[in-house]
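**Q** Below are the structure tokens for one structure; questions will follow.
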Amino acid sequence: MNVKEVSFPSADGTLQMYGDLSLPEQQEQSLTDELLPAIVIVNGSGPIDRNGDIPQMKLKLNTSNQFAKHMAEERPKDRAIAVLSYDKRGVGKSKKKGDKNLFYRTGMMDIVLDAVEAVRYVFAHPRIDKSKIVLMGHSEGAIIMPIICREVKKAGLTDIFGCIFYAGFGETLEKALELQRETILADVQMEKGVKGFILRSAVTEDKLVKQYESLMKKVHAEGDPDFISMQCGLVKQPAKWWREHMAYDVEGALKEYITCHCLAITGQKDVQVHNEACSPEKAAALVPLAASVESHRPINLTHSLRSSDGREGLLNIKSNFVRMGKLPLDAELLSITDDWCDRRLFGL
């Protein structure tokens, strides 16, 4: 596999976006090699880099880099797929000198339009088949894929061939947060001893709801700030990003803008987003204009795209992510994705 650092302009032209383009090794007959399908990764929420890691929190999740390696190197050579992954605004090398709050100023639509520029870069690459460009969105990336497809069309580029929705199909940010609050409350109830007693006093449904309402009040403050600072500046929140997500009609966007081939996978052990939309009936209803739709709900798949035999929770989310980040991506997830790619991209 040949991994090359690449860059392309951000949607507003204010900085360069950096990432990795993973290509299968060219054969000796490279001049006659067929063009490659390509997958552009759209990562989840938070300051995530090209590898799927969160450097700010020193969290190595290893999602995007493992996915790219699998697609470009581990698949059969005649069915290898190029992959572009990139650092989000304000993360890794995608930074603007003198703006330490760039990530927090970034709105949902900024992320969408930067993804369009990533597609534009792949579209122009000499080894890529322009007619077979696929988006793979994880978590937030899955949520915003319909409007990325819309904006790609508006930009005059070839329509997206396919969308792979990992852990976010049919979900909204608000519904995801409700599920996460429910999960935290269930975690607290299961804690035993003194720790459980203290947590049940400190973490209640009323307190979690009030905390969320307080955040939303600051997000919608007069003047519509791009970002807000809390706790004496120790905590920052991307206010514009929050407002744009709350105004986004996910279901409407799926029904109107998804016309490509779709693969949707959300695991039943995922405690950060709902998986019900991945039932065959609901999936088909959500994307009625799709060229095709296939959906799966693997029993042990978690939000980190790894499997777990035990109960998943959110109280120890950081340590869970550290543990999961050391594991390979779920074999069933990759097998389902490989089969879909073989059928849709290679006609097998």
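The values are calculated or read from the model by the stated rules, or taken from the named source; none is laboratory data. All values reported here derive from a predicted model rather than from experimental measurement. Because the Cβ atoms are built from the backbone with ideal geometry, glycine has one as well, and the counts that use them run over all protein chains shown. We work out accessible area using only protein heavy atoms, side chains counted, and drop any ligands, DNA or RNA first. Shrake-Rupley method; radii C 1.70, N 1.55, O 1.52, S 1.80 Å.
**Q** Of the residues that make up segment 145-154, is at least one open to solvent by less than 50 Å² (accessible area, probe 1.4 Å), under 30 Å from C260 (Cα atoms), part of a helix (DSSP H, G or I) and free of Cβ contacts under 8 Å to residues at least 60 places away in the same chain?
**A** Yes: segment 145-154 contains one or more residues that are open to solvent by less than 50 Å² (accessible area, probe 1.4 Å), under 30 Å from C260 (Cα atoms), part of a helix (DSSP H, G or I) and free of Cβ contacts under 8 Å to residues at least 60 places away in the same chain.
**Q** If I ask for residues that are within 26 Å of the chain's Cα centre (by Cα) and not in a helix (DSSP H, G or I), which ones from segment 166-213 would you list?
**A** Y166, A167, G168, F169, G170, E171, T172
**Q** Same structure, new question: Filter segment 310-332 for residues that are in contact with a strand residue (DSSP E or B) (Cβ under 7 Å, 6 or more places away or on another chain) and in a loop (DSSP other than H, G, I, E, B) and give the result.
**A** Within segment 310-332, just D330 meets the criteria.
**Q** Kindly list the number of the only condition in (1) open to solvent by less than 40 Å² (accessible area, probe 1.4 Å); (2) more than 19 Å from the chain's Cα centre (by Cα) that fails for S304.
**A** So the condition that S304 fails would be (2).
**Q** Which ones in segment 107-143 are over 21 Å from F169 (Cα atoms), open to solvent by less than 30 Å² (accessible area, probe 1.4 Å) and either free of Cβ contacts under 8 Å to residues at least 24 places away in the same chain or not in a helix (DSSP H, G or I) (or both)?
**A** Correct list: I128 only.
**Q** While we're here: I'd like to know if segment 316-336 contains one or more residues that are free of Cβ contacts under 8 Å to residues at least 24 places away in the same chain, within 22 Å of L173 (Cα to Cα) and surrounded by 20 or more Cβ atoms within 10 Å (Cβ to Cβ).
**A** The answer is no, given that none of the residues of segment 316-336 is free of Cβ contacts under 8 Å to residues at least 24 places away in the same chain, within 22 Å of L173 (Cα to Cα) and surrounded by 20 or more Cβ atoms within 10 Å (Cβ to Cβ).
**Q** In the list S85, S7, which residue meets the criterion of being outside any loop (DSSP other than H, G, I, E, B), of a type in the set (S, T, N, Q) and either at positive phi or under 17 Å from the mean Cα position of the chain (by Cα) (or both)?
**A** S85 is the lone residue from the list that is outside any loop (DSSP other than H, G, I, E, B), of a type in the set (S, T, N, Q) and either at positive phi or under 17 Å from the mean Cα position of the chain (by Cα) (or both).
**Q** So which of Y86, Y104, Y18 is surrounded by 22 or more Cβ atoms within 10 Å (Cβ to Cβ) and in contact (Cβ under 8 Å) with a residue 24 or more places away in the chain?
**A** Y86
**Q** State all residues of segment 203-230 that are at pLDDT below 90 and within 25 Å of L179 (Cβ to Cβ); if no residue qualifies, say none.
**A** If the condition is that a residue be at pLDDT below 90 and within 25 Å of L179 (Cβ to Cβ), then M230 is the only one that fits.
**Q** Here's another thing I want to ask about it. Filter segment 89-100 for residues that are open to solvent by less than 20 Å² (accessible area, probe 1.4 Å) and more than 11 Å from L15 (Cβ to Cβ) and give the result.
**A** Of everything in segment 89-100, just one residue is open to solvent by less than 20 Å² (accessible area, probe 1.4 Å) and more than 11 Å from L15 (Cβ to Cβ), namely V91.
**Q** Taking segment 253-273 as the region of interest, how many residues are open to solvent by 30 Å² or more (accessible area, probe 1.4 Å), closer than 16 Å to D159 by Cβ and either of a type in the set (K, R) or not in a loop (DSSP other than H, G, I, E, B) (or both)?
**A** Qualifying residue count, segment 253-273: 3.
**Q** Now for a different question. Would you mind finding the one in S279, S335, S307 that is within 25 Å of V83 (Cα to Cα) and either β-branched (V, I, T) or in contact with a strand residue (DSSP E or B) (Cβ under 8 Å, 6 or more places away or on another chain) (or both)? Steps first, please.
**A** Values: S279 fails: within 25 Å of V83 (Cα to Cα); S335 fails: either β-branched (V, I, T) or in contact with a strand residue (DSSP E or B) (Cβ under 8 Å, 6 or more places away or on another chain) (or both).
Of the residues listed, the single one that is within 25 Å of V83 (Cα to Cα) and either β-branched (V, I, T) or in contact with a strand residue (DSSP E or B) (Cβ under 8 Å, 6 or more places away or on another chain) (or both) is S307.
**Q** Exactly one condition in (1) touching a His at 6+ places or on another chain (Cβ under 9 Å); (2) over 24 Å from S304 (Cα atoms) is false for T63; which is it?
**A** (2)
**Q** Now for a separate question. Condition first: open to solvent by less than 50 Å² (accessible area, probe 1.4 Å) and in contact (Cβ under 8 Å) with a residue 24 or more places away in the chain. Now tell me which residues in segment 216-226 satisfy that.
**A** Across segment 216-226, the qualifying residues are M216, V219.
**Q** Do we find a residue being in a loop (DSSP other than H, G, I, E, B), open to solvent by 10 Å² or more (accessible area, probe 1.4 Å) and touching a Pro at 6+ places or on another chain (Cβ under 8 Å) anywhere in segment 50-64?
**A** Scanning segment 50-64 turns up no residue that is in a loop (DSSP other than H, G, I, E, B), open to solvent by 10 Å² or more (accessible area, probe 1.4 Å) and touching a Pro at 6+ places or on another chain (Cβ under 8 Å).
**Q** How many residues are surrounded by 19 or more Cβ atoms within 10 Å (Cβ to Cβ), closer than 28 Å to M246 by Cβ and not hydrophobic (A, V, I, L, M, F, W, C) if we restrict to segment 159-205?
**A** Within segment 159-205, residues that are surrounded by 19 or more Cβ atoms within 10 Å (Cβ to Cβ), closer than 28 Å to M246 by Cβ and not hydrophobic (A, V, I, L, M, F, W, C) number 5.
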